[in-house]
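The values are calculated or read from the model by the stated rules, or taken from the named source; none is laboratory data. The structure presented is a predicted model; accordingly, all values stated were derived computationally and were not measured. Every residue, glycine among them, receives a Cβ derived from its backbone with ideal geometry; neighbour counts consider all protein chains shown.
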Amino acid sequence: MKHTLSVTVDNHPGVLARVATLFRRRGYNIESLCVGRTEEPSISRMTIVVDGDENILEQVTKQLHKLVEVCKIMDITSEESVDRELALFKVKAEPQVRAEIMQIVDIFRAHIVDIGRKSLIIEVTGDEGKINAMEDSLRPFGIIEMVRTGKVAMVRGPKT
């Protein structure tokens, strides 16, 4: 099962490396990791997606708590939350198929951010399912290159 952790940490150099090393040493794979400064410049938030059972989640949480820079850890897997990813797709786009690709872009509320002679770069944001569906829809045209951010997530309502 995939678990989503929201981890607030001190915004200092090397914190990300220490967190990644913690996972590497234990042999746990990070499915997704996004880090950014919060509304408080001295604090960063990590959204970490880990694939594993409850035992793995418990071990990861215990190890994270041992790091001095970690302020708070919250498993938001079952919380009411909003999550998003960003993806860029560079797609083969000969002139005769561009209209069809543009329809797909419109359906997914995505954006064309670059036009080349034989390619388009498309930007899309959404949950994992939407990004996967966009990828599946563009694959028949020929995906030249693709890059995805990790998941960012925020719990709904007054919880922080």
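Computed values, structure above
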quantity	calculated
Residue count, the range 112-156 (criterion: in a helix (DSSP H, G or I) and touching a Leu at 6+ places or on another chain (Cβ under 7 Å))	0
Pick from the range 138-153, criterion out of contact with any Asp or Glu (no Cβ under 8 Å at 6 or more places or on another chain) and surrounded by fewer than 16 Cβ atoms within 10 Å (Cβ to Cβ), ranking: nearest to residue 44 (Cα to Cα)	147
Qualifying residue in the range 54-65 (condition: surrounded by fewer than 18 Cβ atoms within 10 Å (Cβ to Cβ) and closer than 25 Å to residue 138 by Cβ)	no
Candidates 77, 125 - the one that is modelled with pLDDT under 95 and within 16 Å of residue 152 (Cα to Cα)	77
Matching entry among 49, 35, 9, 19 (being assigned to a helix (DSSP H, G or I) and either closer than 28 Å to residue 145 by Cβ or not assigned by TED's automatic domain parsing to the domain that holds residue 136 (or both))	19
Only listed residue being outside any strand (DSSP E or B) and either free of Cβ contacts under 8 Å to residues at least 12 places away in the same chain or closer than 17 Å to residue 128 by Cα (or both), chosen from 24, 84, 98	24
